[in-house]
């Protein structure tokens, strides 16, 4: 009986080789750390990182919903800039329809801004 | 833009505008001749409001608050005293004898305010109007009235003067240390402050 | 034995055969990927930033990756005046770094308090609380000086034997990874120095005499 090996076995062998090539150094580094480098945990070392200050209170606090509105208004300008730049670059070769589409887009964004303004989002405190 | 009135004019205006206010001119002998006004505690706030709101002055900007520490001093003076003293012939007669007398002058802490006017465009390089408030002494009676309610910009600077000089500002909305930490006991800008001995000399332990 | 090995290596390299030891390879890897902490305290930090930029290019030494978290950093460059109010935070940041970790004290303030030494608010050298590997004098030191300090540190890492008493901290279970954080006292920081760390050149603790 002489069954020829499945042609996919080559690929499987190569795949295993590639995975081993990636994971062997990681495994060696992990082993090195486990065997030679003693663990030294401590209260300070495991503490929450707060730029060197001791952390106070709980991270699970309620944030003001108004920050969400600031983010939305920021997005209005951000998206506007992102779309206006390629529009400006290709402006001279654009047909009239594209210009109208862009103006409609701008109008939608400005509408959002006006809405936010009337909601009083842009007045501080 | 008009020139600021002199200290004498200001004194006259304040005493006319704020009844009962005691204003003393503290002369400055240096070439800048930056004379200042020493206020009494009871009328300090009223005088400050007067200076801020007077239509001709409008000193609406307090640019600086600082402290000054004046140590206790000893005044030595020679006084001629009449005394009964035995003369060379043994008879006691009244004679004039010169004596050195030493008197202790208690020190005080001083809060200094520099005022300018935004509305009248009085600002550097022209000289500010300088107000002074003095405490009674340097230890237990170290209170002066706060002017934060008049000029909002005084808030942090009065806290700094409290922190570094130990001047207590009565009526300050939030009088805490601002530069040093809570629990620090000294006032490091005082002239008799002694830093902790962590830096005098270092030597190898035997 | 060591000299024999060196001679053998030299002889082999003359014949075009490159040999190395595990220790050399390990230290070569370590010294060429020292990642500093993004951490500046005063004007020295500006020089440190200049050092990382294109003109001086600290990336040549494998230290271009300034990590914004101490968890990923190997080196803390104490660049500038350490005020007494800031000292606990510096020590805590150092404590939060994983080993192996190194310290460069950059500039007159960080090594001794500098021009502010007589002030009421300035720590007289960060080496009172954490072990400093390289001190750089100067006010502020030029970027070349920081690069020199960096090369000095690299040399130090290169020469660290992996076994024996002088092995690096992270291979020695007995050496602590954390140092006591000073506390705000009534007149200054308490304690004024850490006796385990604040040593003179012979390895004895330094003492304050009045």
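Considering only residues that are farther than 18 Å from residue C:75 by Cα and buried (at least 20 other Cβ atoms within 10 Å of the Cβ), which ones fall in the stretch C:117-139? Listed by number, the residues that qualify are C:120, C:122, C:123, C:124.
Here's the yes/no breakdown for (1) touching a residue at least 40 places away in the same chain (Cβ under 8 Å); (2) more than 14 Å from every other protein chain (Cβ to nearest Cβ); (3) touching a helix residue (DSSP H, G or I) at 6+ places or on another chain (Cβ under 6 Å):
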residue	(1), (2), (3)
C:32	yes, yes, no
C:65	no, yes, no
C:88	yes, no, no
C:110	yes, yes, yes
C:123	yes, no, yes
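Check the stretch B:112-132 and report whether any residue there is closer than 30 Å to residue C:84 by Cα and in contact with a strand residue (DSSP E or B) (Cβ under 8 Å, 6 or more places away or on another chain). Taking every residue of the stretch B:112-132 in turn, at least one turns out to be closer than 30 Å to residue C:84 by Cα and in contact with a strand residue (DSSP E or B) (Cβ under 8 Å, 6 or more places away or on another chain).
Going through (1) more than 9 Å from every other protein chain (Cβ to nearest Cβ); (2) without any contact (Cβ under 8 Å) to a residue 40 or more places away in the chain; (3) surrounded by fewer than 18 Cβ atoms within 10 Å (Cβ to Cβ) one by one, residue C:114 falls short only on (3).
Taking the criterion of being touching a strand residue (DSSP E or B) at 6+ places or on another chain (Cβ under 9 Å), within 18 Å of residue C:182 (Cα to Cα) and buried (at least 22 other Cβ atoms within 10 Å of the Cβ), the residues of the stretch C:88-102 that qualify are C:90, C:93, C:94, C:97. Taking the stretch B:38-62 as the range and being more than 19 Å from residue B:137 (Cα to Cα), within 17 Å of the chain's Cα centre (by Cα) and assigned to a strand (DSSP E or B) as the test, only B:62 passes.
Looking only at the stretch C:159-175, residues that are part of a loop (DSSP other than H, G, I, E, B), surrounded by 13 or more Cβ atoms within 10 Å (Cβ to Cβ) and at the interface with another protein chain (Cβ under 9 Å from one of its Cβ atoms) come to 3 in all. The set of residues in the stretch B:38-65 that are surrounded by fewer than 21 Cβ atoms within 10 Å (Cβ to Cβ), under 15 Å from residue B:145 (Cβ atoms) and touching a helix residue (DSSP H, G or I) at 6+ places or on another chain (Cβ under 7 Å) contains only B:50. List the pairs whose first member sits in the stretch A:15-36 and is in a helix (DSSP H, G or I), whose second member is modelled with pLDDT under 95, and whose Cβ atoms are under 7 Å apart, counting only residues at least 6 apart or on separate chains? Sorted first by the residue in the stretch A:15-36, then by its partner, the pairs are A:36/C:171. Tell me, yes or no, whether the stretch C:43-65 has at least one residue that is within 18 Å of the chain's Cα centre (by Cα), surrounded by 15 or more Cβ atoms within 10 Å (Cβ to Cβ), modelled with pLDDT of 90 or more and closer than 28 Å to residue C:173 by Cβ. No, the stretch C:43-65 contains no residue that is within 18 Å of the chain's Cα centre (by Cα), surrounded by 15 or more Cβ atoms within 10 Å (Cβ to Cβ), modelled with pLDDT of 90 or more and closer than 28 Å to residue C:173 by Cβ.
Quick one: is residue C:81 assigned to a loop (DSSP other than H, G, I, E, B) and away from chain A (no Cβ under 14 Å)?
For residue C:81, the condition - assigned to a loop (DSSP other than H, G, I, E, B) and away from chain A (no Cβ under 14 Å) - is met.
Restrict the check to the stretch B:164-172 and report whether at least one residue is within 14 Å of chain C (Cβ to nearest Cβ), out of contact with any strand residue (DSSP E or B) (no Cβ under 6 Å at 6 or more places or on another chain), part of a loop (DSSP other than H, G, I, E, B) and closer than 30 Å to residue C:89 by Cβ. Among the residues of the stretch B:164-172, at least one is within 14 Å of chain C (Cβ to nearest Cβ), out of contact with any strand residue (DSSP E or B) (no Cβ under 6 Å at 6 or more places or on another chain), part of a loop (DSSP other than H, G, I, E, B) and closer than 30 Å to residue C:89 by Cβ, which makes the answer yes. Looking only at residues in the stretch C:177-205 that are surrounded by 15 or more Cβ atoms within 10 Å (Cβ to Cβ) and more than 23 Å from residue C:85 (Cβ to Cβ), which one is nearest to the other protein chains (Cβ to nearest Cβ)? That would be C:177.
The values are calculated or read from the model by the stated rules, or taken from the named source; none is laboratory data. Because the structure is a prediction, the values reported are computed rather than measured. Glycine gets a Cβ as well: all are built from the backbone with ideal geometry, and neighbour counts include every protein chain shown.
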